[in-house]
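The values are calculated or read from the model by the stated rules, or taken from the named source; none is laboratory data. On a predicted model such as this, the values are computed, not experimentally measured, just so you know. As a convention, Cβ positions derive from the backbone with ideal geometry for all residues, glycine included, and neighbour counts pool all protein chains shown. These area figures cover heavy atoms from the full protein model, side chains too; ligands, DNA and RNA do not enter into them. Shrake-Rupley method; radii C 1.70, N 1.55, O 1.52, S 1.80 Å.
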Amino acid sequence: MMIKTDKSHLKVLLVGYNGANNTGSEARLMAIIEDVRRVIGSNTEITVPTLNEENLRRYLKEDEHLHIAPIPSIFFFAVDRLVREHDLVLLVEGSCYMDTWTSALLWAFLWATHSAHRQKSHVWLMQWMQGICPDSTDG
């Protein structure tokens, strides 16, 4: 399957420590949303999954192109579905592949990566601010 070339209709999933009352993660998320809109286009559909919707809504306001997606604490099926529904998955946490805070976060990032790889027919996976992951899911 071909990757979409019409940037204005890309759907981007931002997987990170969203809504966890972590000031650094909150600032990074806001900057990445701004960067994605500037680079890909202001009409890019952006989805931000979170385990804590109330905390995320404190600083992130939805609009017609920015969506908050609450996910359950047993997140495997929800993350699979979200990855399947998006064209680009950005891992936006600074320590995605480290067991720094809790093993659950490491599992969430690893599962998002696994889901993107498994659904390689259309999903691109990148890790923001720490370089591009070697797996663009093309093979």
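Looking across region 51-60, the residues that are over 19 Å from GLU85 (Cα atoms) and open to solvent by 10 Å² or more (accessible area, probe 1.4 Å) come down to ASN52, GLU53, GLU54, ASN55, ARG57, ARG58, TYR59. The residue that is surrounded by the most Cβ atoms within 10 Å (Cβ to Cβ), among those in region 68-84 that are closer than 18 Å to TYR17 by Cβ and within 13 Å of the chain's Cα centre (by Cα), is VAL83. The one condition from (1) farther than 18 Å from ILE32 by Cβ; (2) modelled with pLDDT under 80; (3) in a helix (DSSP H, G or I) that THR137 does not meet is (3). Could you go through region 85-104 and let me know if any residue there is open to solvent by 40 Å² or more (accessible area, probe 1.4 Å) and either at pLDDT 95 or above or assigned to a helix (DSSP H, G or I) (or both). There is at least one residue in region 85-104 that is open to solvent by 40 Å² or more (accessible area, probe 1.4 Å) and either at pLDDT 95 or above or assigned to a helix (DSSP H, G or I) (or both).
Do you know which residues across region 11-50 are part of a loop (DSSP other than H, G, I, E, B), crowded, with 18+ Cβ neighbours inside 10 Å and modelled with pLDDT under 90? Can you show your working first?
Going residue by residue through region 11-50, those that are part of a loop (DSSP other than H, G, I, E, B) are 16-22, 41-44.
With crowded, with 18+ Cβ neighbours inside 10 Å added as a condition, the list becomes 16-19, 44.
Matches in region 11-50: GLY16, TYR17, ASN18, GLY19.
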